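Right, one structure below, let's go through it.
FYI, it's all coordinate maths here, none of it is from the lab. Nothing here was measured: the structure is a model prediction, and the numbers come from that model. Note that we place each Cβ from the backbone using ideal geometry, even for glycine, and neighbour counts take in every protein chain shown.
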Amino acid sequence: MSYNQRYPIISFRIESTYKKKLQTEATNKKLSLSDLAKLVLQDYAQGKLISPKKSLDLEIAQARLEKLKVETNYLRMKNDYFEKFNKPLSDSGTRMLSRAVKHQQLISPENTQSPYDESNNRFQCVDCGNCFDFDSVETFLTEMREYKNHIIAKHNRDLNVIEKDVFGRVRFNE
Ligand SMILES: [Zn+2]
């Protein structure tokens, strides 16, 4: 293959406004105008430049992926809950979770832990492990309140979906 066959010449006319724009770009990059044009065309031929249409498609695909991730996370949390407590999340819990997911205030997967330790008659903070023991209906209710206060004061947050749901369900077992 001759040199001319290996490195053919392309020459074409271009509107002067585009040429000016490209010339500025080339000067900034310390390239000649034709070297800049060559680089752009090479990138295009190698698929490194994507058309605006493709870039929009890519954005849509990414948005779909994000949505899918959020939905998967939501389903996983619901499923985790079911596995831990052997019953589905209550309707109000589901609504809260769905709202939380929509607002992207996702509770971390490790925080699907219940604060209620039934076998030891106590609540246990899911963040720090602090215990709230009870031995009567009265202390059960007081400690539940203490737990809520503890979460607000010590961990600077509201009860999460699981905590709210559990506190809404649990009764003191004599
Ligand atoms: Zn704590």
Quick one, can you get me the convex hull of the C-alpha atoms of the chain expressed as volume per residue in Å³? 239
What is the set of long-range amide H partners of Y116 at a cut-off below 5 Å, with H atoms built 1.01 Å from backbone N? Q124
If you take the charge dipole of the chain about its Cα centre, with +1 on Lys and Arg Cβ and -1 on Asp and Glu Cβ, which of F85, S32, P115 is farthest toward its positive end? S32
When Y18, Y116 are ranked with the fewest other C-beta atoms within 10 Å first, the list becomes Y18, Y116
Short version: ³J(HN,Hα) in whole Hz for each residue of the stretch 25-37, in order, from phi by Karplus 6.51 cos²θ - 1.76 cosθ + 1.60 (θ = phi - 60°), x for Gly and Pro, what are they? 4, 5, 4, 4, 8, 6, 10, 6, 4, 6, 5, 4, 4
Computed D for the stretch 116-169, Stokes-Einstein, Kirkwood radius over alpha-carbon pairs, 37 °C, 0.692 mPa s, to the nearest µm² per second, is 294
For the stretch 78-88, Karplus-derived ³J(HN,Hα) couplings (6.51, -1.76, 1.60; θ = phi - 60°; whole Hz; x for glycine and proline) come out as 4, 5, 4, 4, 4, 5, 6, 10, 6, 8, x
Residue-averaged [θ]222 nm for the chain, counting only DSSP H segments that reach four residues, each worth -39500 (n - 2.57): -19500 deg cm²/dmol
Cα extents of the stretch 1-73 along the principal axes, largest first, in whole Å, come to 58, 36, 22
Quick check of the Kirkwood formula: for the stretch 52-106, what is the inverse mean of 1/r over all pairs of different Cα atoms, in Å? 12.6
Ranking N160, P8, L68 by how far each Cα lies towards the positive end of the charge dipole of the chain (+1 on Lys and Arg Cβ, -1 on Asp and Glu Cβ), the top one is P8
